[in-house]
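Working notes, structure below.
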Amino acid sequence: QVQLVESGGGLVQPGGSLRLSCAASGNIFSISTIAWYRQAPGKDRELVGFIKAGGYINYADSVKGRFTISRDGAENKVYLQMNSLRPEDTAVYYCKDLDPDAPWGQGTQVTVSS
């Protein structure tokens, strides 16, 4: 099974940008759908967006127009470009195979604060 590992989190000021990476241990196209999730303290995990192997991308309304998912097949990576960040975007971000049986990674912390 292809493993996914997130990286790129950090502290950023409101209005700033951050790019998260999701590195696959094998062929990223072997995963039908890769999703980005986030979980803020005290809140349920939320689907941020996903990219299908065929290239279709969709986003949650809360991030539409600010976040962009992209893929680099040569590097076996998926990215989450986050612009115009808000304090409410603070969360642990995860990338994961959308298959419910796929394991969760450790995630990467994103903190938006002045």
Among beta bridges that DSSP assigns inside the chain, antiparallel share in %, nearest 5: 90 percent
Under Karplus coefficients 6.51, -1.76 and 1.60, residue-wise ³J(HN,Hα) of segment 40-47 in Hz, glycine/proline x: 8, x, x, 10, 6, 5, 10, 6
Alpha carbon Rg of segment 1-42, scaled by the compact-globule rule 2.2 N^0.38 Å: 1.45
For R86, distant residues with modelled amide H under 5 Å away: G15
Label-point separation, E75 to Q3 (7 Å along Cα→Cβ), nm: 2.0 nm
When the convex hull of its Cα atoms is projected in every direction, mean area for segment 36-96 (nm²): 4.4 nm²
Average Cα contact separation per residue, the chain, under 8 Å, 6 or more apart, as relative contact order %: 36 percent
Surface share of carbon and sulfur [accessible, 1.4 angstrom probe, percent] for the chain: 46 percent
Heavy-atom accessible area per residue - the chain, 1.4 Å, Å²: 52 Å²
Value of relative contact order over segment 48-107, rounded to a whole percent, pairs C-alpha under 8 Å and six or more apart: 19 percent
Where only alpha carbons of the chain are counted, the Rg and the Dmax (Å): 13.2, 40
Hz values of 3J(HN,Hα) by residue in segment 49-66 - Karplus curve (6.51, -1.76, 1.60), Gly and Pro given as x: x, 8, 10, 8, 4, x, x, 5, 10, 9, 10, 5, 4, 5, 10, 4, x, 10
Separation between Cα centres of segment 29-51 and segment 93-107, rounded to whole Å: 7 Å
Using θ = phi - 60° and Karplus 6.51 cos²θ - 1.76 cosθ + 1.60, couplings along segment 92-97 (whole Hz; Gly, Pro as x): 8, 9, 10, 10, 7, 4
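The values are calculated or read from the model by the stated rules, or taken from the named source; none is laboratory data. Fair warning: this is a prediction, and the values are worked out from it, not measured in the lab. Counting neighbours? That spans all protein chains shown, and the Cβs are built from the backbone with ideal geometry, glycine included. Protein only, heavy atoms only, side chains kept; ligands, DNA and RNA dropped before computing areas. Shrake-Rupley method; radii C 1.70, N 1.55, O 1.52, S 1.80 Å.
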